[in-house]
1. Give me the distance in nm between label points sitting 7 Å out from Cα along the Cα-to-Cβ direction at residue 63 and residue 81, one decimal.
2. Charges at C-beta only: +1 for Lys and Arg, -1 for Asp and Glu. How large is the resulting dipole of segment 81-179 about its Cα centre, in Debye rounded to 20?
3. Could you give the length gained on full extension between residue 130 and residue 91, defined as 0.36 nm per residue of separation minus the Cα-Cα distance, in nm?
4. For residue 39, enumerate residues with amide H under 5 Å from its amide H, sequence gap 5+ or separate chain, H modeled in the peptide plane.
Amino acid sequence: MTDHETPHTSAADADKRQATGEQHEQLEETHRKIANKDVLITPDGQEIDLGITGTMQLDPPGRPSNPNRLASVKYALAGLLYVLRHEQGIQWATLVTLIVLVLGVWLHISVLSWALLTLALGGVWVTECLNTAIEAAIDLGTSDPHPLAKIGKDVASTAALVSTIVFVVIMLLILLPRVLDRLTG
């Protein structure tokens with residue numbers, strides 16, 4: 001021991017070195033796992049298995065399950081009423097749905113045509129609802145502008161746009177020839 005060192009300082013330094021060594025080992029282990037891409041390390045240090053069964057093993061605290069199916073229907077109806085009142089895309093989808101129903105009945109379209117139109121319209125409704133849910137979740141998560149928030153919102157909107165384009169193509173393929181035949185013949 002030198003003149004400047006005390007027994008207390010040496011023990012504290014040794015503890016620091018040991019703690020730093022343990023932290024270094026933990027950090028190396030974390031990097032190894034991340035490099036192997038078998039776990040995700042959360043900011044609080046929780047390891048989440050990225051394997052195929054990893055998600056089903058999660059049981060986040062505070063996330064209640066809802067065994068009551070009637071309550072689930074109530075929540076679904078509440079969501080439907082929300083999008084009908086607040087979302088312009090759903091309001092347009094409602095109008096188009098009514099027009100397609102009237103045209104389909106007037107034109108006596110086949111069961112297959114009804115099925116295709118129903119699937120296409122359902123796709124529009126589902127993607128518009130998911131777009132709204134994704135935007136709400138992003139807005140809840142951050143009020144500050146963030147590039148990832150923009151990407152999430154833009155891609156969700158793209159899904160809604162793509163489903164609308166697919167619906168329009170299917171609608172035109174099924175209904176336009178029949179409307180033209182009805183009007184000209």
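Please treat every number below as a calculation from the coordinates, not as lab data. Predicted model only: the values in this text are computed from it and were never measured. When we count neighbours, we look across all protein chains shown, and the Cβ atoms used for this are built from the backbone with ideal geometry, even at glycine.
1. 2.8 nm
2. Values: 4 positive and 6 negative charges, 69 e Å.
Here segment 81-179 has a charge dipole of around 320 debye.
3. Separation in residues times 0.36 nm, less the Cα-Cα distance, equals 12.5 nm.
4. Under 5 Å from the amide H of residue 39: 50.
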